[in-house]
């Protein structure tokens, strides 16, 4: 995933170290499959996790 995205955050588009975010959280039945992952920078990952816990949706 990191190589596919060329270390560019899918949310803010900054080139940086990426963390893998599950599109469908594992607690909701999501898998570790590459199709269920998106590379995000640390700050975007924290924000997306916060939003997903609140039940908000966001585009990919």
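The values are calculated or read from the model by the stated rules, or taken from the named source; none is laboratory data. No experiment lies behind these values; they were computed from the predicted model shown. Note that we place each Cβ from the backbone using ideal geometry, even for glycine, and neighbour counts take in every protein chain shown.
Candidates 44, 12: the one that is at pLDDT 90 or above and part of a helix (DSSP H, G or I) is 44. For region 17-37, residues that are within 15 Å of residue 48 (Cβ to Cβ), in contact with a helix residue (DSSP H, G or I) (Cβ under 8 Å, 6 or more places away or on another chain) and in a loop (DSSP other than H, G, I, E, B) total 4.
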